[in-house]
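Structure first, commentary second.
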Ligand SMILES: [Zn+2]
């Protein structure tokens, strides 16, 4: 599989969401990576400094390349709450 993936080095921009509470830390996804199935989806993030928790519609840090945002793939792959409707489960 991986030999089919072509690789190209790029220059991208890393975007972090600053905490509006303490103005020190940045919001990173929590270990549980709790997802709210709102539309759009929201991911639970916690401040790296004051531990304040927020739900954000994108997973930070984000990579920006050619004016488009790219998200950490694992946050999309795994559904953390099996009781909720998953985009990935085709069997019902
Ligand atoms: Zn904070």
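The values are calculated or read from the model by the stated rules, or taken from the named source; none is laboratory data. In this text, all values refer to a predicted model and were calculated from it rather than measured experimentally. Heads up, the Cβs are rebuilt from the backbone with ideal geometry, glycines too, and the neighbour counts pull from every protein chain shown.
So, of the residues in the stretch 15-33 that are within 22 Å of residue 75 (Cα to Cα) and modelled with pLDDT of 95 or more, which turns out to be surrounded by the most Cβ atoms within 10 Å (Cβ to Cβ)?
Across the stretch 15-33, the extreme among qualifying residues is 27.
Please find, among 79, 9, 53, 3, the residue that is at pLDDT below 90 and loosely packed, with under 14 Cβ neighbours inside 10 Å.
Of 79, 9, 53, 3, the one residue that is at pLDDT below 90 and loosely packed, with under 14 Cβ neighbours inside 10 Å is 3.
Six or more apart or on different chains, Cβ atoms under 6 Å: show the pairs whose first residue is in the stretch 37-55 and at positive phi and within 16 Å of the ligand (Cβ to nearest atom) and whose second is modelled with pLDDT under 85 and assigned to a strand (DSSP E or B).
none
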